[in-house]
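The values are calculated or read from the model by the stated rules, or taken from the named source; none is laboratory data. The shown structure was predicted, so the numbers you read here are calculated from the model rather than taken from an experiment. Every residue, glycine among them, receives a Cβ derived from its backbone with ideal geometry; neighbour counts consider all protein chains shown. Each accessible area value is taken on the protein alone, full model and side chains, heavy atoms only, with ligands, DNA and RNA left out. Shrake-Rupley method; radii C 1.70, N 1.55, O 1.52, S 1.80 Å.
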Amino acid sequence: MDNHHPVTREVLHLFHAHGGSRYGGENVSQLEHALQAAYFAERDGAPSTLIAAALLHDVGHLLHDLPADAPDQGIDDRHETLGARWLASRFGPAVCEPVNLHVIAKRYLCAIDPAYFGLLSAPSIQSLALQGGPMNAEESRQFEQHPFHQEAVRLRRWDDAAKVEKLATPYVEHFAGHLDAAAAEGHGA
Ligand code: FE
């Protein structure tokens, strides 16, 4: 573990701090969700930066349970904001941008892929309405201008799929090499 990038060591520590929740409960835990998303990204041949993005797309949830880290980041923040800020100070746009865009990617996919809407869970349909519903043509066009929009769409699909109960995935150490490669690209903050 010591030969890894400091950011990788930090990520491993964050996941280890939540190790107990991996097998707990009947539903997929945040930890299982993150590992499944990263596992699907790797299986699809995604680059290391996008595998790191998949692993960390909901990192705010992990930070939220760690009071020691929370004050540095602003404890009153919503987890999305917390996660985005945490990522921005550690990784470059190839990791941060797909994560930032993956929430609105749902609105985009609902607009361009009729089959996608049928895949959404009831809570996801409910939140879609609150998020503004499917994008209109102009919003979709603007979304497609973003240099990382395709990565965001790929991440969104892994995110949606990463809810399989009891799916066996590699543990976080397996992704350390991808985290090293992603962290080596530096951050823009
Ligand atoms: Fe997610």
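At residue 141 and residue 103, where each label point lies 7 Å from the Cα along Cα→Cβ, what is the point-to-point distance in nanometres?
Rounded to a tenth, the inter-label distance reads 2.6 nm.
Find the eigenvalues of the gyration tensor of the Cα atoms of region 20-187, then list the square roots of 5 times those eigenvalues as equivalent ellipsoid semi-axes, largest first, in whole angstrom.
They are 24, 19, 17 Å, listed largest first.
Distance between Cα centroids, region 101-161 to region 168-189: provide it in whole Å.
Their Cα centres are 25 Å away from one another.
Using 7 Å Cα-to-Cβ label points, what is the residue 17/residue 185 separation (nm, one decimal)?
2.5 nm
How much of the accessible area of region 20-187, probe 1.4 Å, is carbon plus sulfur, in whole percent?
Carbon with sulfur: 54 percent of the solvent-accessible area.
Looking at region 108-155, which chymotrypsin sites (Phe, Trp or Tyr not before Pro) are in a loop (DSSP not H, G, I, E or B) and have at most 11 other Cβ atoms within 10 Å?
none
Tell me the per residue accessible area of region 20-187 using a 1.4 Å probe; a whole number in Å² is fine.
Result: 49 Å² per residue.
Show me, for region 94-108, the HN-Hα J-couplings you get by feeding each phi into the Karplus relation (A = 6.51, B = -1.76, C = 1.60, θ = phi - 60°), rounded to Hz, glycine and proline as x.
In residue order, the calculated couplings are 5, 9, 5, 5, x, 5, 4, 8, 5, 6, 6, 4, 4, 5, 5 Hz.
Ordered by residue, what ³J(HN,Hα) values in Hz, to whole numbers, does region 112-129 give under the Karplus form 6.51 cos²θ - 1.76 cosθ + 1.60, where θ = phi - 60° and Gly and Pro are x?
With the stated coefficients, region 112-129 comes to 9, 10, x, 5, 4, 4, x, 7, 6, 6, 4, x, 6, 5, 4, 5, 4, 4 Hz.
Which of the trypsin sites (Lys or Arg not before Pro) across region 106-189 are loop residues per DSSP, with 15 or fewer other Cβ within 10 Å?
163, 166
What are the ³J(HN,Hα) values, in whole Hz, obtained from phi via the Karplus relation 6.51 cos²θ - 1.76 cosθ + 1.60 with θ = phi - 60°, for each residue of region 157-165 in sequence order, with x given for Gly and Pro?
Couplings: 5, 5, 4, 5, 7, 7, 9, 8, 5 Hz.
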